[in-house]
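Report on the structure given below.
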There are 2 protein chains.
Amino acid sequence: MFFNLGSKEFSEYNSKHLIPKKILLENYGEYASEIILPEFKDSFVLSQYRDFDLIELEQLLQSVGWGRRPLRRVKRALENSILKVGLWQHDQKFPRLIGFARCTGDGIIDATVWDVAIQPVYQGSGLGRRLMTYLIKRLKNIGVKRVTLFADANVISFYRNQGWILEPKGCKCAFWYSN
Amino acid sequence: MFFNLGSKEFSEYNSKHLIPKKILLENYGEYASEIILPEFKDSFVLSQYRDFDLIELEQLLQSVGWGRRPLRRVKRALENSILKVGLWQHDQKFPRLIGFARCTGDGIIDATVWDVAIQPVYQGSGLGRRLMTYLIKRLKNIGVKRVTLFADANVISFYRNQGWILEPKGCKCAFWYSN
């Protein structure tokens, strides 16, 4: 059940484009990827480089049930992450952030995924899967060999369906919380 | 079963010292901590700043069963880790590396522990526990709020005994491997 990068996972991308390449690059930076879904009139963009508005990001994270965190700390955590992916509902003037994930790691051997969120309205549309596929592709580009994440019980099937392996060899995750 | 930093975990440190403070600082850097165990004549030192010999580090990791990795990659992974802890068998000229752990993370919200190793000869002596206590204390000093790790099945009780929580709220870990 390995996640095989050579498999169809990465050939699924829609080849149709509504956003001119120049606009895509200017607004979302290198490696930005447009997604068109038949059920929505707007197109969506996955971006590694477009900057976040911290308040918009916190609102997104809170919409999926993450607790409130001081913006100052969130800002520093973003700065120290090796990869941040935004999923944007495209608008040439005001793209709206509707999905997010970030990774920490040594950038060489291991990366860990945190704060995966898709705006509730768009859950179940396949955008979350696209977000994760994009994220792994970008990590692979960096050269990372192993990606890990901690999944809540209710989203385990989401990851399993994408080829993530759960607890290989009886491996368990352990947590320690600061008090 | 939270890991309470105010509890006895951190008052356990031996107050006896064999290494003069000046020598400790010169050889092992700031925050170095000496450990004296009755069953060994040498004393041991936990250090956040003493540099590693990459070959010695790889030998240690291999002695506990980690696979061989290119030294160039290990070097970069160390550079990108937010904390590296060495456990040294003290010798004023040639301290010997007998334990290790490193952390990646955003340095603010999350940290993840990797590559925990204690030289087999010293396993079961309590040094591993000291190493982890020291590591958490240093992470707390950095300001990290949540520490996570992936534990193989055979070391789960080691972590549980120290107050780590396993899979809170049904949380699972998932892995993806580059191929």
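Quick notes on this structure:
- Which listed pairs, of B:Lys41/B:Lys75; B:Lys137/B:Lys172; A:Lys16/B:Lys172, have C-alpha distances above 28 Å, in listed order: B:Lys41/B:Lys75; A:Lys16/B:Lys172
- Per-residue HN-Hα couplings for segment B:53-65 [Karplus 6.51, -1.76, 1.60; θ = phi - 60°; Hz; x = Gly/Pro]: 8, 4, 5, 4, 5, 5, 4, 4, 5, 6, 5, 9, x
- The rotation axis bringing chain A onto chain B passes closest to the chain A residue reported with its distance as A:Cys173, 2, by C-beta distance in whole Å.
- Value of D in µm² per second that Stokes-Einstein yields for the protein assembly as shown, Kirkwood Rh from Cα pairs, at 25 °C (0.890 mPa s): 111
- Copy-to-copy label separations for A:Asn141, where each label sits 7 Å from Cα toward Cβ, in nm and ascending: 3.8
- Comparing A:Ala117, A:Ala101, A:Ala77 in a Gaussian network model of chain A where C-alpha atoms under 10 Å apart are linked, the largest mean-square fluctuation is found at A:Ala77.
- Label point of A:Gln92 (7 Å along Cα→beta-carbon): distances to the other copies' equivalent points are 7.5 nm, sorted ascending.
- Working from label points 7 Å from Cα in the Cα-to-Cβ sense, the B:Lys41 to A:Arg96 distance is 7.5 nm.
- Between A:Ile108, A:Ile118, A:Ile136, the Cα set farthest toward the positive side of the dipole of chain A (charges on each charged residue's Cβ, about the Cα centre) is that of A:Ile108.
- Contact order, relative form, for chain B: 18 percent (alpha carbon pairs under 8 Å, 6 or more residues apart, mean separation divided by residue count).
- Plainly put, the tip 7 Å out from Cα toward Cβ on B:His17 is 6.5 nm from that tip on each other copy, the closest given first.
- Note on segment A:21-177: the alpha carbon radius of gyration divided by the globular reference 2.2 N^0.38 Å gives 1.04.
- Neighbourhood net charge (10 Å Cβ-Cβ; Lys/Arg +1, Asp/Glu -1) for A:Leu83: +3
- Listed residues A:Ser43, A:Phe175, A:Ala77: farthest to the positive end of the dipole of chain A (Cβ charges): A:Phe175
- Exposed trypsin sites (Lys or Arg not before Pro) absent: longest stretch of chain B, with sites in DSSP loops and at most 15 other Cβ within 10 Å deemed exposed: B:94-179
- Annotation for A:Glu30 and B:Gln59: the two label points, set 7 Å from Cα along the Cα-Cβ direction, are 4.1 nm apart.
- For chain B, a Gaussian network of Cα nodes joined below 10 Å ranks B:Ile23, B:Ile82, B:Ile36 by mean-square fluctuation, and the top entry is B:Ile23.
- When +1 charges are put on Lys and Arg Cβ atoms and -1 charges on Asp and Glu Cβ atoms, the dipole computed for the protein assembly as shown relative to its Cα centre reaches about 20 debye.
- Helical content alone sets the calculated 222 nm signal of chain A at -8000 deg cm²/dmol, taking -39,500 (n - 2.57) per DSSP H segment of four or more residues and averaging over every residue.
Values quoted throughout were computed directly from the atomic coordinates according to the rules given, and no laboratory measurement underlies them. Predicted model, so just to flag it, every value in this text is computed and none were measured. FYI the Cβ positions are ideal-geometry reconstructions off the backbone, even for glycines, and counts take in every protein chain you see.
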